[in-house]
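Please treat every number below as a calculation from the coordinates, not as lab data. Just so you know, these numbers come straight off a predicted model, no measurement behind them. A quick note on method: Cβ atoms are made from the backbone with ideal geometry, for glycine too, and the neighbour counts reach across all protein chains shown.
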Amino acid sequence: MKRLATFAFASLALLATQAVSQEGPKSFPEIEAALAKQVTLEFTETPLSTVLAYVQDFSGVPVVLDPDVEEVPCTLRVKDLALGTALRLLLGGSDLDFAVDDGVILVTYRSRVESRSVDVRTYDVEDLLSALEDFPGPDIGLARPEEGVTGATFSTEEATETFDSEMLVEFLTYRVAPGTWGATGLSMNAVGGLLVVSHLPETHAKIESFLAELRENRGRLVAVDARYYALEAGRLQEVLGGDGAGGSGSVFLDATSRRRLAESGELLDEISTLCLNSQRVSASSLGQKTYVQDYDVVIATSACGFDPIVGVFTEGTTLDVRPVLVPGKGTISLDLVFQIVRRAGELQEAPATQGEAVPTPSGGEDAATSQALVGRGGTLQLPRLVTASVKTRVRVPEGRGAAFVGTTPLVPEGHVGVLVVTPRAME
């Protein structure tokens, strides 16, 4: 990236008007040519943001305004004057100035233009923001009796497009010079397809390297494998071992530890998925089973019958994950949601009636008739479902798996549940 200008302590953000022209960032010669164009301007007490919007439309060059600059009225009348000269006349009365940096015109205080201790640079990231469609998985919950629904509930989000500029800013500030953003003069903001960054030169070098690796990894595939085990609680340390805490209650496991767990534990379920780097996807393994939830009383002449009402409950496993290859770190960041719902034991059975009278064909009540169903062996079936879930963000070293341990009703007494999630970048 050719550096054309530096600025001090400028916290740049969105334009007060349009952020980037449709043509996108321009080359330095193109901007020089645009600033040399003859222009006739006439503004009277016009807001600065409105004037800059006109400059952008006229020149076809993106204009970025320092948000610390207050909105001021501008008055200027010039005829057949170079745009650059007219712009300096316009800004000079407010102690403002502009400079060119990587395809945009930056407008800020003159003192900031003259300072060199902190650099403000722009990065064209339009190529990194091309849409990858997300496919989020269902969110599993247990129904409440008052809701009139039995068993597990599954709510889903609509598919969205990502990776957007806000996510890119969050991703970069979390991984490059974390903890420094927000300090005086140190900022990163998205302006259309541009990142405007104010920071120390060494941080800019890291950002350039980071973005280059993001581009290199853009189209790579990432496989994510999740396995859920039941393991005797007393053997936890012996089997898992681990090679360091991963945060979010996780422990990292190498291939040897994962193999030892597979040999010593009981595999309850496994699920895998494959996606593009930074894409959110989901995989589900769900099944539906029927049960008798109630009976309808059917009355005919001198007789009555009972028609079973069949309900359906769903059980299974879902994996919702967004893997991101972290440049220069040898790690894969995972935004992870793992959920499992299972029936606890066999279906419980209960008598379909409790001795209550039912109407007879004559319109009266007959307690003997009300017991007919019980006498025929009719019963209600009551499914009992239990769930376990892990929702977290974790950074996993390549070649390792993140293990999450907890006690859940899904595992036998004296055991713990162990979820191992292993991401792998495909070559």
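The amide H of Leu286, built 1.01 Å from its N in the peptide plane, has Thr317 as neighbours under 5 Å, considering only residues 5 or more places off or on other chains.
What is the spin-label model distance, in nm, from Ile299 to Asp335 if the labels are put 7 Å beyond Cα along the C-beta direction? It works out to 5.8 nm between the two label points.
Relative to the 2.2 N^0.38 Å rule of thumb, the range 42-112 has a C-alpha radius of gyration ratio of 1.02. Exceeding 28 Å between C-alpha atoms, which entries from my cross-link table qualify? They are Lys37/Lys206; Lys329/Lys391; Lys26/Lys329. With Cα atoms farther than 28 Å apart: Lys37/Lys206; Lys26/Lys329. Note on Lys37 and Asp269: their simple-model spin labels are 6.1 nm apart, each label 7 Å out from Cα toward Cβ.
Set the Förster radius R0 to 25 Å, insert the Cβ-Cβ distance between Thr85 and Glu30 as r into 1/(1 + (r/R0)^6), and round the FRET efficiency to 0.05. E between Thr85 and Glu30, to the nearest 0.05, is 0.85. By the count of other C-beta atoms within 10 Å, a proxy for reagent exposure, Ser59, Ser111 are ordered fewest to most as Ser111, Ser59. The order of Met188, Met167, Met426, going from fewest to most other C-beta atoms within 10 Å of their C-beta, is Met426, Met167, Met188.
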